[in-house]
1. Please work out if residue A:163 is within 12 Å of residue A:385 (Cβ to Cβ) and either surrounded by 18 or more Cβ atoms within 10 Å (Cβ to Cβ) or outside the structural domain of residue A:16 (by TED's automatic domain parsing) (or both).
2. Within the range A:348-377, can you find the residues that are touching a helix residue (DSSP H, G or I) at 6+ places or on another chain (Cβ under 8 Å), more than 17 Å from residue A:210 (Cβ to Cβ) and surrounded by fewer than 20 Cβ atoms within 10 Å (Cβ to Cβ)?
3. Quick test of your reading of the structure: residue B:4 fulfils all but one of (1) surrounded by fewer than 19 Cβ atoms within 10 Å (Cβ to Cβ); (2) at pLDDT below 90. Name the failing condition by number.
4. Name the single residue, out of those in the range B:26-56 being modelled with pLDDT of 90 or more and in a loop (DSSP other than H, G, I, E, B), that is surrounded by the most Cβ atoms within 10 Å (Cβ to Cβ).
5. If you take the residues of the range A:331-347 that are in contact with a strand residue (DSSP E or B) (Cβ under 7 Å, 6 or more places away or on another chain) and within 11 Å of chain B (Cβ to nearest Cβ), which of them is surrounded by the most Cβ atoms within 10 Å (Cβ to Cβ)?
6. What pairs can you find where one residue is in the range B:347-360 and modelled with pLDDT under 90, the other is buried (at least 20 other Cβ atoms within 10 Å of the Cβ) and in a helix (DSSP H, G or I), and their Cβ atoms are less than 6 Å apart, with a gap of 6+ or different chains?
7. Any idea how many residues of the range B:273-307 are out of contact with any helix residue (DSSP H, G or I) (no Cβ under 9 Å at 6 or more places or on another chain) and either closer than 26 Å to residue B:249 by Cβ or in contact (Cβ under 8 Å) with a residue 40 or more places away in the chain (or both)?
8. So the check is Cβ under 8 Å with 6+ separation or different chains; which pairs have a first residue in the range B:1-13 that's under 16 Å from residue B:180 (Cα atoms) and a second one that's at pLDDT below 85?
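The values are calculated or read from the model by the stated rules, or taken from the named source; none is laboratory data. Remember, it's a predicted structure, so these values are computed and weren't measured experimentally. So basically every Cβ, Gly included, is an ideal-geometry build from the backbone, and we count neighbours across all protein chains shown.
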């Protein structure tokens, strides 16, 4: 296993640079990190000797001999990625270049508590390790996302509204019973943002990723890095008010965007439309299935159901109200909407955009792009792997 | 005049470091900038040769001979600082250590247009230069704050709601008729934040400065630097909605915090209280003076006037609603409230705090400090000077 602690500062900088820009020549690398040729060569040589990077196939020539390019070595080890949502669990093993070696997804109920969930995670990790014919000692680091506020420095959950019973729990301690590798825990939306940043949007400096599922959260990218705020709770936007006369939220306040526009609100609005006689389709499904979920609204909308369209427009408008405040404050160049609810249909994005444009100032919106997240289901997994890699380089592992 | 363009990268880094931490020894400086001893000495020597820094009085000894300390030289030149508010104009000349050499403040109405205001600024600068017995060529750089959104890269105002007629105007061009020095224009609240950061809170990484005057704006400090967003409009929080059924704002939306809680709203509420028979004191003053301003509310409150207290509580509560959204999103460690309205009395801060605590999540508020800004009236001036110094080092001057 890689001994991250023994890496010299220059070696960390070079390894991080190759992580973000594999395929650089030594010359390009030196320019990028701002080191002299000799300092770059010393760090590169040390990393090659340690087996952490390798020189491979020729890159683009600018005249003379085509230079060798640098990339990460598989000898770095394997990264375990865990993406725990309120109702889903994804576990995966990744190579250092974040390609997926094995991946398992299943429904989960985070309210069943840490005992059940953490046991299941440990079992799934063992299965995937076996499937890949590797060894627990090959795990270089573990990254994990959870659907609640995390004190990122110590990896503990703090008053997580969707996760009663997880408060102050150290998930890392449980995982350390199986693995010596460092464990990094973050909010699931930060990992989604990290995934989008690392895989798709490396050149964008300031953007937001909004995840709409059982809850609503926001990942903040500031100057090309995840911004977590003073206590690690930045982006906790679910309880921003979008209607001061709105319904009571579980947090005790009225009109929180999460209470009015996340998945449970969509289900509630669908049931109301069915019972209120505003949608024959939704009424039929409610009759048959006993319950309605956001996907039903999506399907009804695609069949041209007027009430379903109205629900999508309303929740898009409400999310847009919250987003307008963020756009006025933060002036991002891009906003990416992800999470299960975002897949409800194109009308959703149109409603969000309309709401943001109406309530934001010209200077904040003249260049803004509001789009669906690119990775979506895999975003959390790739983000968890990328976070684990980067944090190993940044700090002494826990 | 200092030729900023000719400074080598290492010299810029060292000069910037001394600007933020005057009185360092060479050894402390090397540690701080992360340079080797020889690289630090080379850059320091070059800056001393150019007359930009000087070695002065001995610092603290750690054993042997007490080391010389480094500080900025007056030969760098003089920094002109201009802080234009919606109803006030401050012009000052500052030494490189941001001590004030001359300062003039007067009321101004930004709506009288760029012709009148810019002429007045030029006249005041000439007067101050004469008063200090210096020369226009001694001006090293000019920093200026304006009460509207600025595209910071080119210094142009973009659709400024309080400044009709200033749209797309290059103030720098006018100032360049008198001075060859580079000119940097920023939003007035960013300068207030810069002033607080540079003079008072160098050790705080992530904080917000809210300015409540004719308008409401927010300066954002992120990882120890001003954050301006993708288009330079970050912090434009005046049109965040705090009451979706609230009164129409000049921006076209309903219930903007600026329409409900800035100075004009306070005056309107005071007149309503006077006319509605809810305050004998305010009614008397309205009778005598024909109008009421926020200071009247302040004075009435200090005399125990119940209606005045209710106005302060209401506007504090509304500002706190907006701030709660920012705190949930940004998780700052500190929020500083400045601007003319903030001086309305201690009840104001109490109401803001109460509102924020009620509407923000535990993790965001467990360590938060919400306080009055420390510099207030001088904050913009010091911020303008500090901005000008720093930007000279960062970019090729315009």
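1. On the way: within 12 Å of residue A:385 (Cβ to Cβ): no; either surrounded by 18 or more Cβ atoms within 10 Å (Cβ to Cβ) or outside the structural domain of residue A:16 (by TED's automatic domain parsing) (or both): yes.
Spelling it out, it is not the case that residue A:163 is within 12 Å of residue A:385 (Cβ to Cβ) and either surrounded by 18 or more Cβ atoms within 10 Å (Cβ to Cβ) or outside the structural domain of residue A:16 (by TED's automatic domain parsing) (or both).
2. Selection gives A:358 alone.
3. Condition not satisfied by residue B:4: (1).
4. Taking the candidates together, the pick is B:52.
5. So in the range A:331-347, the residues in contact with a strand residue (DSSP E or B) (Cβ under 7 Å, 6 or more places away or on another chain) come out as A:332-339, A:341-342.
Applying the additional criterion that residues be within 11 Å of chain B (Cβ to nearest Cβ) yields A:332-335.
Numbers: A:332: 27, A:333: 16, A:334: 19, A:335: 22.
The selected residue is A:332.
6. Taking only residues 6 or more apart or on different chains, the pairs are B:359/B:324; B:360/B:324; B:360/B:327; B:360/B:328.
7. 1
8. Pairs that qualify, where the first residue is under 16 Å from residue B:180 (Cα atoms) and the partner is at pLDDT below 85, are B:4/B:396; B:4/B:397; B:5/B:396; B:5/B:397.
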